[in-house]
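Contents: one structure, followed by commentary.
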Amino acid sequence: MCDTLSVRWTIIPQIAPQPWTACSGCGGLRAFQSSGKIRLNANGRKLDAWLIYKCLTCEKTWNRPIFERQNVRDIDPLVFAALQSNDPQWIRTESFNLEALRSRSKRVDEFSEFDIEKERLSETGDWTKLKIELKAPFPISTRLDRLLASELKLSRKQLQTLHDRGTLRSNSDRADILRRRIKTGTQITIDLSAETNREQSWKPLATGSP
Ligand SMILES: [Zn+2]
């Protein structure tokens, strides 16, 4: 691909999902936020592990089970070490475990605020196509069109027009890809051969640097 500016965007949500559950402190259903702390309880050879959440209204804690009454021998040693040391990376990943959250709570709020890291992968002098590879290490509820609109300074209508014309393509078969959540592996290619301000305008937005 000798006519392509190729970039990778990594999108990191700022806020972990918040489950709603009955609060024993202030009563009623409340949103809870991960405290980033693990609680372990050993009972003979059996171990319980919880991720501690706090009520956003009164700070009363709620322990979300990660596992209960597990035989110590059956626990992955890496997981065990992460739990014992309150490993922030491991806990952060667990705080985005939507499946586990939804199994404990009927309502789980997700947030669309994100940080983005832009890397330039390759570039030729006279590129006319922009290729964006997406990476989302944590689940994020932001839609693809919102991401592209905010990062490339386009309206969602402009994006839709580019998509309808085939100027903007993705590696997905889904016709509604623009309205779907951001996912790792999605690739967007935009043909900018008709644009004159590729270098001045598109490139800084795509690469995050002038
Ligand atoms: Zn409360």
Per residue and in Å³, how big is the convex hull formed by the alpha-carbon atoms of the range 11-115? 108 Å³
So, counting K/R as plus one and D/E as minus one, what does the shell of residues with Cβ under 11 Å around Asp48 add up to? +2
Which value in Å is the Kirkwood Rh of the chain over different Cα pairs? 19.8 Å
Quick one: compute the contact order of the range 18-109, relative version, from alpha carbon pairs under 8 angstrom and 6+ residues apart, as a percent. 30 percent
Size of electric dipole in the chain: Cβ of Lys, Arg +1 and of Asp, Glu -1, about Cα centre, debye, nearest 20: 800 debye
Using 0.36 nm per residue, how much length does the chain from Thr161 to Asp126 gain when fully extended, once their Cα-Cα distance is taken away? 10.1 nm
With Rh as the Kirkwood radius over Cα pairs, the range 163-210 has Rg/Rh of 1.02
Exactly which trypsin sites (Lys or Arg not before Pro) in the range 67-176 are in a DSSP loop and have at most 12 other Cβ atoms within 10 Å? Lys106, Lys153, Arg174
Can you return the aspartates and glutamates within cross-link range of Lys46? Criterion is Cα-Cα under 13 Å, with same-chain partners fewer than 8 residues away left out. Glu68, Asp74
Take Lys106, project a point 7 Å from its Cα along the Cβ direction, then tell me which residues of the range 43-87 have their backbone nitrogen under 20 Å from it. 55-57, 62-65
Might you report the magnitude of the Cβ-based charge dipole of the range 18-109 about its Cα centre, with Lys and Arg at +1 and Asp and Glu at -1, to the nearest 20 debye? 280 debye
Using alpha carbon centers only, the range 50-122 is separated from the range 128-158 by a whole-angstrom value of 26 Å
Taking GluC sites (Glu not before Pro) in a DSSP loop with at most 16 other Cβ atoms within 10 angstrom as exposed, one finds the longest site-free stretch of the chain at 124-194
Per-selection metrics, the range 117-210 (Cα): Rg and Dmax in Å: 12.8, 36
In the neighborhood of Pro17, defined by Cβ-to-Cβ distances under 15 Å, what is the net charge if each Lys or Arg adds +1 and each Asp or Glu adds -1? +4
Nearest-0.05 FRET efficiency for Ser193 and Asp48, computed from C-beta distance (R0 45 Å): 0.15
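Each value in this text was obtained by applying a stated rule to the coordinates, not by laboratory testing. What you see is a predicted model, and the numbers here were worked out from it, not measured in a lab. We place every Cβ from the backbone using ideal geometry, glycine too, and count neighbours over all the protein chains shown.
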